[in-house]
1. Where residues in the stretch 4-34 are aliphatic (A, V, I, L, M) and buried (at least 19 other Cβ atoms within 10 Å of the Cβ), which of them is modelled with the lowest pLDDT?
2. In the stretch 49-62, is there at least one residue being open to solvent by less than 30 Å² (accessible area, probe 1.4 Å), out of contact with any Phe, Trp or Tyr (no Cβ under 6 Å at 6 or more places or on another chain) and not hydrophobic (A, V, I, L, M, F, W, C)?
3. I want to confirm something. Restricting to the stretch 103-133 and keeping residues that are within 24 Å of K43 (Cα to Cα) and buried (at least 17 other Cβ atoms within 10 Å of the Cβ), which single residue is farthest from the chain's Cα centre (by Cα)?
Amino acid sequence: MKFETINHTADVGIVAYGKTLHELFENAASGMFSMIIPPDKVKEKLLISISIDAHDLEELLITYLNELLYYYSTKKVLFKRFEILELSETHLDARVSGEKIADHEILNDIKAATYHNLKIEKLADGTYKTPIIFDV
């Protein structure tokens, strides 16, 4: 399972999963954008490189997701594919692809990824999971 949606009183959220931290970050971004628009509605016409530094892994994840939301809200881009190229505790390089918002119907207009209940956990089987709540 890549992610599952969770109920939250006023906002929306997901629990993202990954066999690796790379996959966890990719699935978190995929889960966030699947709440904005069904992924099968988005084509890969644009390719954007993203590089982020943060103080720790949780801050890196939230900063990465909010960087993607920056492109969504200011440059009107929807993303479909998320590839983490390099990831450490404090640095991330990613390549994402998608297309400009045209006649797409938006399901949820997500404003920001939050730190509410955020905790990246390594499970007994070696996989990772984290809940993420989004402001709508």
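The values are calculated or read from the model by the stated rules, or taken from the named source; none is laboratory data. Note that this is a predicted model, so its numbers are computed, not measured. When we count neighbours, we look across all protein chains shown, and the Cβ atoms used for this are built from the backbone with ideal geometry, even at glycine. Note: accessible area is taken over every heavy atom of the protein model, side chains too, but ligands, DNA and RNA are not part of it. Shrake-Rupley method; radii C 1.70, N 1.55, O 1.52, S 1.80 Å.
1. The qualifying residue modelled with the lowest pLDDT is V12.
2. Scanning the stretch 49-62, I find no residue that is open to solvent by less than 30 Å² (accessible area, probe 1.4 Å), out of contact with any Phe, Trp or Tyr (no Cβ under 6 Å at 6 or more places or on another chain) and not hydrophobic (A, V, I, L, M, F, W, C), so the answer is no.
3. Applying the filter and picking the extreme gives I110.
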